[in-house]
Amino acid sequence: MTIHRILGTMLSILFLMWFLSGMVMMYHGYPSLPAADRLKHAESIVAGEYAAALRSSSTVSIEQVAGRTVGFDKDDNMCDLASGMPVTRLTDEALMQVAERWTASAPTLIDTLSEIDVWLIGTMPFREFPVYHYALNDGKDGELYVSSRTGRALQLTDSRSRFWAWVGAIPHWIYITKLRATGRQPWTSVVLWLSGAGIVMVLSGLVVGVRSAVVARRRRRLSPYAKPILRWHHLLGLAFGLFVLTWIFSGFMSLADAPQLIWPVRGEHSAKDVYAQEVGKQKFTLPAGSVLASADVKRLDMVEMGGVPYYHVTTADDDYLVDATQTAPHRSVLNASRCTDMVQQAYGKDVSVSAALLRAYDDYYVSQKQQLPLPVYKVTTDNADGDTYYINPKNGACRYYNNNRRAGKWMYTGMHALNTAFFADRPVLRSVVMWLLLLGGTAVSLTGLVLSVRYLRRRLR
């Protein structure tokens with residue numbers, strides 16, 4: 001009882017904030033700028049003969065920045081493909097050209113940032129400083145953040161997205177700028193300690209609640225408490241306490257890994273297994289220039305999968321693979337045999353690998369907003385970790401799970417957001433269930449906050 005009262009007094013307002021902001025986050029998240037959206041505003045690459053430059057450099061990606069064709073290596077270092085010289089920072093004029101592509105009116109430079117602000121927390125832009133911050137003058141109070149190192153847009157916000165973030169994602173994730181000034185620490189530790197204390201608080205509350213319910217039953221009552229606010233807190237805690245526990249636990253697991261003592265990881269595998277670590281440029285017989293001349297390309301990547309070289313082509317509204325061993329550019333679609341070979345090369349002959357075409361979401365390849373593309377190949381192995389790969393046959397994108405990650409998925413998004421195939425197929429039911437649970441958690445937290453305020457008043461007297 002004492003533990004629950006003390007921790008509840010300290011954390012009840014935090015829990016109330018988490019539940020209220022969680023309702024907002026069902027519909028509005030933290031502003032982000034996906035790579036696909038960034039490339040829609042990027043310049044089209046000017047077709048040219050880049051064979052010599054590609055062979056003599058470590059470039060594996062090509063983009064057009066401020067009228068200049070540039071290459072990026074696997075560490076995202078940039079060079080000018082025309083001169084072969086490295087580019088460490090773009091000029092103010094070049095960055096203004098980048099910003100101008102995002103608005104019909106002239107953008108205004110607000111600031112050059114040498115440290116993150118609240119809208120850059122999610123981008124981890126520490127290599128990109130100084131970051132140029134522009135007002136877009138687009139009628140939406142749009143603001144754009146551009147890296148001075150690469151010329152890539154890092155973040156885009158407007159007045160609407162900023163408002164919903166202030167009442168949703170920022171308080172929910174405790175996005176305090178000073179905590180993220182140098183990286184994920186000490187923010188990670190603060191959130192883990194707070195949610196860990198919350199787990200203890202809820203567990204102790206469940207113990208008190210069940211014990212009180214047993215006493216009430218002997219007296220043939222629902223609750224032994226006479227005061228209305230205590231009685232409501234007790235009954236709501238019995239009804240929604242288990243959900244509150246799983247919700248705070250799953251929040252804790254958003255920053256923690258599933259324990260390897262229970263789900264050990266024996267191998268070192270990841271989604272990168274399907275891609276060669278070093279691209280064999282001698283295998284690319286199809287010139288990059290011919291690919292660029294055949295489409296309005298925003299980005300061109302050189303990748304190697306299963307020993308076969310491909311160009312990954314990104315246009316304003318599509319992305320696909322081109323087999324780089326052919327004599328002319330045409331789209332290439334991966335088949336089951338190719339996907340199996342790609343994974344088999346990472347494991348050798350001692351592990352059995354099989355592929356099946358997945359036309360509907362399962363519990364691990366799933367998106368509540370239907371954003372993940374289908375169909376994909378589900379490539380499974382029979383090793384001890386249960387390694388599984390989901391490979392998009394159109395563009396080669398890959399997702400990876402093992403037993404540990406599957407457990408972690410259930411302990412985080414499965415519990416926290418009901419992110420499962422069942423609810424992905426029933427979005428209305430998911431909304432109803434989430435609202436019911438979140439309102440229940442809010443009611444438990446609100447009654448707990450009232451009790452905490454009254455407790456503090458008594459102590460102060």
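The values are calculated or read from the model by the stated rules, or taken from the named source; none is laboratory data. This structure is a prediction, so every number in the text was calculated from the model and none was measured. Cβ atoms come from the backbone with ideal geometry, glycine included; neighbour counts cover every protein chain shown. Please note that ligands, DNA and RNA were not included when accessible areas were found on the heavy atoms of the full protein model with its side chains. Shrake-Rupley method; radii C 1.70, N 1.55, O 1.52, S 1.80 Å.
Quick notes on this structure:
- Under the condition of being out of contact with any Ser or Thr (no Cβ under 9 Å at 6 or more places or on another chain) and open to solvent by less than 40 Å² (accessible area, probe 1.4 Å), the residues counted in the range 379-397 number 6.
- Residue satisfying all of: in the range 99-114; of a type in the set (Val, Ile, Thr) and within 13 Å of ASP141 (Cα to Cα); modelled with the lowest pLDDT among these: THR103
- Members of the range 433-461 found to be open to solvent by 30 Å² or more (accessible area, probe 1.4 Å) and among the hydroxyl-bearing types (Ser, Thr, Tyr), listed by number: TYR455
- In this structure, ALA407 does satisfy being surrounded by 14 or more Cβ atoms within 10 Å (Cβ to Cβ) and out of contact with any helix residue (DSSP H, G or I) (no Cβ under 9 Å at 6 or more places or on another chain).
- Selected residue [more than 17 Å from ASP301 (Cβ to Cβ), out of contact with any helix residue (DSSP H, G or I) (no Cβ under 8 Å at 6 or more places or on another chain), modelled with pLDDT under 95 and acidic (Asp, Glu)] from ASP37, ASP75: ASP37
- Among the residues here, TYR225 does not qualify as outside any helix (DSSP H, G or I) and open to solvent by less than 30 Å² (accessible area, probe 1.4 Å).
- Positions within the range 314-343 being of a type in the set (Val, Ile, Thr), touching a Ser or Thr at 6+ places or on another chain (Cβ under 9 Å) and under 25 Å from LYS40 (Cβ atoms), in sequence order: THR315, VAL322
- Some residue of the range 386-403 being at pLDDT 95 or above, part of a helix (DSSP H, G or I), more than 30 Å from ARG5 (Cα to Cα) and of a type outside the set (Val, Ile, Thr): yes
- Top-ranked residue of the range 232-273 - restricted to ones that are assigned to a loop (DSSP other than H, G, I, E, B) and among the aliphatic types (A, V, I, L, M), ranked as nearest to ALA443 (Cα to Cα): LEU255
- Of the criteria (1) open to solvent by 70 Å² or more (accessible area, probe 1.4 Å); (2) over 24 Å from THR157 (Cα atoms); (3) charged (D, E, K, R), which one GLU93 fails: (2)
- For LEU255, the stated conditions do not hold, so it cannot be described as of a type in the set (A, V, I, L, M, F, W, C), more than 13 Å from LEU11 (Cβ to Cβ) and free of Cβ contacts under 8 Å to residues at least 60 places away in the same chain.
- Every condition in (1) under 22 Å from THR2 (Cβ atoms); (2) open to solvent by 40 Å² or more (accessible area, probe 1.4 Å) is met by SER254 except one, and the failing one is (1).
- Restricting the range 363-378 to residues that are in a strand (DSSP E or B) and within 23 Å of MET302 (Cβ to Cβ) leaves a set whose member that is least open to solvent (accessible area, probe 1.4 Å) is VAL376.
Per-residue answers, yes or no, for (1) open to solvent by less than 40 Å² (accessible area, probe 1.4 Å); (2) of a type outside the set (A, V, I, L, M, F, W, C); (3) farther than 30 Å from GLY8 by Cα:
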| position | (1), (2), (3) |
| --- | --- |
| PHE249 | no, no, no |
| PRO264 | no, yes, yes |
| GLU268 | no, yes, yes |
| ALA295 | yes, no, yes |
| LYS298 | yes, yes, yes |
| ASP301 | yes, yes, yes |
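- Yes/no for ARG217 being among the charged types (D, E, K, R), over 21 Å from the mean Cα position of the chain (by Cα) and open to solvent by 60 Å² or more (accessible area, probe 1.4 Å): yes
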